[in-house]
Amino acid sequence: FQVPNEIANFTGRENTILTITKLMATYNTFLIHGTAGVGKTALAITMGHTLKQFFPDGVFWYSVDCAKPADILLSLAYSFRENITNISDTETKASIIRSLLSQKKVLLIFDNAEKEIDIRLFLPNSLSCTTIITSRYKDFYIPSSHKTIALQPFTPTEMLLLFTKIFTKEYVSRHKEIILKLGNTVGYLPLATHVYAKQLQLTKQSPKSLLRQIIQSKNPLQELFYENKNLYRSIDVSFQSLEKDVQKVFLSLGIFEGKDFS
C-alpha cells in the first residue's frame with residue numbers, strides 16, 4: 001500500500017467517490033481532471049484508502065510528473081519480486097509489467113499526469129486491475145476505454161463544512177457570511193479555502209480581518225501567467241503574513257524540483 005497519508009479535514013466529494021466506486025463494475029480506467037488546487041490529488045488519495053479493501057494485491061501510487069517511466073516500471077517489478085534492471089528497452093519492461101499484473105488485482109494511481117506522459121506504458125491489460133489518473137487536462141490521451149470525471153470547486157455548503165471540521169459549528173454560524181465571502185474571493189477552490197481556514201486557525205485573527213487583508217492585497221493578479229490565480233492569491237496572502245526569516249526559509253525550499261511545489 002503506497003498511497004500517501006490520508007488528507008486531514010478532507011471534505012465533500014461523497015458523490016464523486018460513490019460514482020467511481022459504482023462505475024468500477026464497467027470501467028477499469030478513470031481520468032479525474034480539473035484546475036490546479038481543485039483537489040484532484042486529495043480525492044485520489046482518499047480513493048486509494050477507501051478502495052484498498054478491494055485490491056488484495058496492492059494499491060500503487062506514482063506522481064508521474066516527477067518520476068521517470070523506467071523508474072515506475074522498475075518499482076512495479078520490484079514490488080512483485082521481478083528483476084528487470086538488466087533490460088534496457090522500455091517497451092519490453094512495460095510488457096513484462098503487463099504480464100505480471102494480468103494475474104493480479106491491484107489499484108494503480110498515477111497523479112499529476114502531464115500531456116507528454118506516455119500513460120500507455122503503465123496501463124495493465126487486465127479486467128481485475130483498476131487505474132486512476134489525475135490530470136489538469138480534460139483531453140489527456142488514454143489509449144483505452146475509460147471514464148472521465150470532471151472535478152469542480154466546492155459548493156458553499158462544502159465550504160462551510162470544511163470550516164466546521166477545522167473550527168466549530170458555533171464559529172461557522174457566527175462568521176458564516178464572511179466565510180462565504182472568503183470562499184468567493186478564490187472561487188471556492190478547495191486548496192485555497194483550506195489555506196485560508198488554516199491561516200485563521202494559526203493566526204487567531206477574525207475572518208473579517210483576513211477578508212480585509214485579501215481585499216487590500218497589492219498582488220497584481222491580472223499580470224500573472226500562473227494557471228490558477230485564485231490558488232496563488234491564497235498562498236501569497238498567507239506567505240505575506242509570515243515573519244521575514246520564515247519567508248526566507250520558505251523561499252529557499254524552491255531549489256527542489258517538482259511542479260506541485262513550484
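The values are calculated or read from the model by the stated rules, or taken from the named source; none is laboratory data. Computed from a predicted structure; not experimentally measured. Cβ atoms come from the backbone with ideal geometry, glycine included; neighbour counts cover every protein chain shown. The accessibility values were calculated without ligands, DNA or RNA, using every heavy atom of the protein model including side chains. Shrake-Rupley method; radii C 1.70, N 1.55, O 1.52, S 1.80 Å.
Out of 158, 91, 177, which single residue is modelled with pLDDT of 90 or more, within 18 Å of the chain's Cα centre (by Cα) and among the charged types (D, E, K, R)? Outline the logic, then answer.
Details: 91 fails: within 18 Å of the chain's Cα centre (by Cα); 177 fails: within 18 Å of the chain's Cα centre (by Cα).
Sole residue among the options that is modelled with pLDDT of 90 or more, within 18 Å of the chain's Cα centre (by Cα) and among the charged types (D, E, K, R): 158.
All but one of (1) without any contact (Cβ under 8 Å) to a residue 24 or more places away in the chain; (2) open to solvent by 40 Å² or more (accessible area, probe 1.4 Å) hold for residue 70; state the number of the condition that does not hold.
All conditions pass for residue 70, except number (2).
Look at residue 95 and say whether it is touching a residue at least 24 places away in the same chain (Cβ under 8 Å), among the hydroxyl-bearing types (Ser, Thr, Tyr) and over 19 Å from residue 17 (Cα atoms).
No, not satisfied.
Would you mind stating whether residue 138 is in contact with a His (Cβ under 7 Å, 6 or more places away or on another chain) and at pLDDT below 95?
It is true that residue 138 is in contact with a His (Cβ under 7 Å, 6 or more places away or on another chain) and at pLDDT below 95.
Quick check on the stretch 113-133: of everything there that is out of contact with any helix residue (DSSP H, G or I) (no Cβ under 7 Å at 6 or more places or on another chain) and crowded, with 17+ Cβ neighbours inside 10 Å, which residue is nearest to residue 55 (Cα to Cα)?
My answer is 130.
Out of the stretch 181-197, which residues are part of a helix (DSSP H, G or I) and under 23 Å from the mean Cα position of the chain (by Cα)?
182, 183, 184, 185, 190, 191, 192, 193, 194, 195, 196, 197
Residues that are assigned to a helix (DSSP H, G or I), open to solvent by 70 Å² or more (accessible area, probe 1.4 Å) and more than 15 Å from residue 12 (Cα to Cα): does the stretch 157-169 have at least one?
Checked the stretch 157-169: at least one residue is assigned to a helix (DSSP H, G or I), open to solvent by 70 Å² or more (accessible area, probe 1.4 Å) and more than 15 Å from residue 12 (Cα to Cα).
Looking for whichever is polar (S, T, N, Q), farther than 19 Å from residue 124 by Cα, buried (at least 18 other Cβ atoms within 10 Å of the Cβ) and touching a residue at least 60 places away in the same chain (Cβ under 8 Å) here; the options are 41, 35, 29, 46. Which one fits? Talk me through it step by step, then tell me what you get.
Numbers: 35 fails: buried (at least 18 other Cβ atoms within 10 Å of the Cβ); 29 fails: farther than 19 Å from residue 124 by Cα; 46 fails: touching a residue at least 60 places away in the same chain (Cβ under 8 Å).
The conditions single out 41.
What pairs come out if I take residues in the stretch 188-206 that are on the phi > 0 side of the Ramachandran plot and pair them with residues that are surrounded by fewer than 21 Cβ atoms within 10 Å (Cβ to Cβ) and assigned to a helix (DSSP H, G or I) whose C-beta lies under 8 Å away, six or more apart or interchain?
Pairs that qualify, where the first residue is on the phi > 0 side of the Ramachandran plot and the partner is surrounded by fewer than 21 Cβ atoms within 10 Å (Cβ to Cβ) and assigned to a helix (DSSP H, G or I), are 188/156; 188/158.
Collect the residues in the stretch 137-156 that are more than 28 Å from residue 217 (Cα to Cα), part of a loop (DSSP other than H, G, I, E, B) and not hydroxyl-bearing (Ser, Thr, Tyr), keeping them in residue-number order.
138, 139, 140, 142, 143, 146, 151, listed by residue number.
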